[in-house]
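The values are calculated or read from the model by the stated rules, or taken from the named source; none is laboratory data. None of the values given here were measured: they were computed from a predicted structure. Don't worry about glycine lacking a Cβ; one is built from the backbone with ideal geometry, like all the others, and counts go over all protein chains shown. Accessible surface is based on the protein model in full, side chains and every heavy atom, while ligands, DNA and RNA are left aside. Shrake-Rupley method; radii C 1.70, N 1.55, O 1.52, S 1.80 Å.
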Amino acid sequence: MIIQVENAVSDDDCRRLMTIYDRHVQLTKVKDQTGHPVVYSAQFRDTPDAAEMVPRLVERCLCSIRHQLQLTDLLYPETVILAALGARGHHSRHADNCRQNEQGDWVANHTPQRDVSAIYYLNDTFEGGEIVFDQVPLMVKPRRGLLLAFPSDGAHVHEVLPVRSGVRYTMAIWFTKQQHYALADFPIGMPPQGAAVRTPG
């Protein structure tokens, strides 16, 4: 299942997240496969705006996933990044927790712990940059404020088409069922809908 939630992040939060990216991008050494810088949450989590806003958006995303995917396990935020793709920026066809080997079988990749992928789209002042799921099939045109979420597995192979003009800003979040991969400074996993919450003692 692929989740789309309109207006999941406010215009003001979108502007603030894009500003955080622009202020921190010169400090990052990490780049995506097309050479565009990626800013990890550890680099911006202590900025005044991010300290409140990012955990709130992670929790909101988690609530949407829990409600719509009807998962039976707890989910924990594993990675949070801010990213921007300029002209010709794209992501080739891939899944987020596995890859195809030479025989065409899906096997674990370098991030097999990821169970759910989510993207907040922060702007729409660009051309191109659509995300395409070829097995569904579905093509999603990014819209400011949209939250897109989907399982990270081989049944949800996707690609991002090249940005033709402008800059495409996103906040991506990956969730895991394995608590030891959880980010320590974000809300812990939420129980699935209808599940009892176990408390100490």
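Taken over segment 9-43, the criterion of being surrounded by 16 or more Cβ atoms within 10 Å (Cβ to Cβ), in contact with a helix residue (DSSP H, G or I) (Cβ under 7 Å, 6 or more places away or on another chain), not hydroxyl-bearing (Ser, Thr, Tyr) and not in a strand (DSSP E or B) is satisfied by Val9, Asp13, Arg16, Ile20, His24, Gln43.
Being under 17 Å from the mean Cα position of the chain (by Cα), modelled with pLDDT under 95, of a type outside the set (A, V, I, L, M) and open to solvent by less than 30 Å² (accessible area, probe 1.4 Å) is the requirement here; does Cys98 meet it?
Here the answer is yes, as Cys98 does meet what is asked.
Between Phe126, Phe150, Phe175, the distinction of being more than 17 Å from the chain's Cα centre (by Cα) and surrounded by 19 or more Cβ atoms within 10 Å (Cβ to Cβ) belongs to Phe126 only. Among the residues that make up segment 104-117, is at least one of them over 15 Å from the mean Cα position of the chain (by Cα), open to solvent by 20 Å² or more (accessible area, probe 1.4 Å) and at pLDDT 95 or above? Looking for residues that are over 15 Å from the mean Cα position of the chain (by Cα), open to solvent by 20 Å² or more (accessible area, probe 1.4 Å) and at pLDDT 95 or above, one finds none in segment 104-117, hence no. If you check Arg144, Arg93 for being modelled with pLDDT under 95, of a type in the set (Lys, Arg) and on the phi < 0 side of the Ramachandran plot, only one passes: Arg93.
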